[in-house]
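Remarks on the structure that follows.
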Amino acid sequence: MPAATVVRRPSPGTGLPAVFRQRYLLKLLVDKELQIRYRGTVLGLLWSYVKPGIQFVVFYVALGIFLGLERGMENYAVYLFSGIILINFFSESFGNAARSIVANASLIKKIYLPRQMFPVASVWVAAVHLMPQLVVMLLAALIVGWSPTWISLLAVPAALLIVGLLGAGLGMLFGAANVFFRDAENFVDLIVMVSTWSAPVLYAWTMVRDVLGPVWFAGFMLNPLTVAVELSHAAFWLPTTTPGAHEVPPHLFSLWTPVALLVVTVIMVLGDLMFRRLEGRFAQEL
């Protein structure tokens with residue numbers, strides 16, 4: 001009697017664990033995205049410096065000089081740029097991850113691989129672009145007298161982890177929705193636009209506290225981007241200021257950072273669950 005044929009799925013599994021089991025494919029996707037992004041350009045990866053640099057100059061002139069924010073805040077340039085790099089990381093990772101499934105429709109219809117690999121690769125590409133900005137930030141902080149503590153050094157990976165998980169989780173949620181309803185891209189653009197102003201990137205957190213009061217300010221701190229930006233300020237800006245002249249929000253490290261990590265973890269899990277539920281119909285809809 002011939003042995004019975006066993007039909008197996010073409011992959012050992014789906015979901016985020018499958019993505020990291022196939023790290024070689026993930027690396028290939030990241031390399032492909034970088035090559036496509038800068039194909040035919042003269043500056044190439046130098047655009048990672050140019051875009052945030054111009055954004056910084058515009059905000060610094062408009063808010064720091066014209067509106068006088070630099071007069072009330074020590075080293076406002078460092079404060080501003082340390083927040084901009086976090087928001088840019090979120091905007092790029094979330095925006096590209098949300099569009100990654102539709103943008104890679106040809107691959108999805110031809111090759112079986114974990115679909116979550118596309119949003120994760122988008123976040124990875126955004127992290128590659130973030131590295132030069134972090135180097136510039138570090139050099140600028142050193143020039144103005146950066147003297148960090150071990151807590152401020154730990155704030156950097158905590159901030160990056162919060163933003164990376166948030167971008168990936170929301171990217172999977174909206175990436176799956178975008179396959180069925182292209183209106184999702186418009187919601188992504190709105191969220192990215194609002195994100196710059198929803199966190200204390202351009203202004204001080206004390207302004208929000210003074211206007212909203214303690215109760216509503218607690219709601220403001222529930223935004224993971226707020227916590228990530230303040231962690232970046234604690235890492236790069238605060239160690240450059242006069243001791244005792246400025247401070248970060250109360251309980252930033254003991255309360256709000258664990259809460260933010262919990263929130264983005266929940267978003268990440270929900271994004272993965274929704275993605276798994278809908279990915280079987282991606283090829284058909286695309």
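The values are calculated or read from the model by the stated rules, or taken from the named source; none is laboratory data. Computed from a predicted model, the values in this text were never measured in an experiment. Heads up, the Cβs are rebuilt from the backbone with ideal geometry, glycines too, and the neighbour counts pull from every protein chain shown. Protein only, heavy atoms only, side chains kept; ligands, DNA and RNA dropped before computing areas. Shrake-Rupley method; radii C 1.70, N 1.55, O 1.52, S 1.80 Å.
Ignoring ligands, DNA and RNA, what accessible area per residue does the chain give at 1.4 Å, in Å²?
On the way: 14590 Å² over 286 residues.
On a per-residue basis, 51 Å².
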Tell me which lysines have Cα within less than 28 Å of Lys110's Cα, excluding those fewer than 8 residues away on the same chain? Lys27, Lys32
Pairwise centroid distance, computed over Cα atoms, of the range 178-220 with the range 86-156, Å: 19 Å
For the chain, take the longest principal axis of its alpha carbons; what is the angle in degrees between that and the long axis of helix 205-221, to the nearest 10 within 0 to 90? 40 degrees
Once fully extended, how much extra length lies between Tyr38 and His251, figured as 0.36 nm per residue of separation less the alpha-carbon to alpha-carbon distance? 72.4 nm
Nothing charged except the Cβ atoms of Lys and Arg (+1) and of Asp and Glu (-1): what's the magnitude of the dipole of the chain about its Cα centre? Round to the nearest 20 debye. 1300 debye
Hey, what do the phi angles of the range 57-71 turn into as Karplus ³J(HN,Hα) couplings, whole Hz, using 6.51/-1.76/1.60 and θ = phi - 60°, x for Gly and Pro? 4, 4, 5, 5, 5, 5, 9, x, 8, 5, 8, x, 5, 5, 6
Heavy-atom accessible surface of the chain: percent carbon and sulfur, 1.4 Å: 69 percent
³J(HN,Hα) computed for each position of the range 83-88 - Karplus, 6.51 cos²θ - 1.76 cosθ + 1.60, integer Hz, glycine/proline x: x, 4, 5, 6, 5, 5
In Å², nearest 10: area of Lys51 left accessible to a 1.4 Å probe: 140 Å²
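Could you estimate the translational diffusion coefficient of the chain from the Stokes-Einstein equation, with Rh from the Kirkwood formula over C-alpha pairs, at 4 °C and 1.567 mPa s, in whole µm²/s? Don't skip to the end; give the middle numbers.
Working: Rh = 20.3 Å.
Estimated via Stokes-Einstein, D reaches 64 µm²/s.
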The aspartates and glutamates whose Cα lies under 19 Å from the Cα of Lys51, excluding any fewer than 8 residues away in the same chain, are Glu33, Glu92, Asp189
Report relative contact order for the chain in percent, whole number only (criteria: Cα-Cα under 8 Å, sequence separation at least 6). 27 percent
Taking a 1.4 Å probe, which of Glu70, Glu247 shows the most accessible area, and what order do the others take after it? Glu247, Glu70
Helix-only mean residue ellipticity at 222 nm for the chain, each DSSP H run of n ≥ 4 adding -39500 (n - 2.57), per residue, nearest 500: -22500 deg cm²/dmol
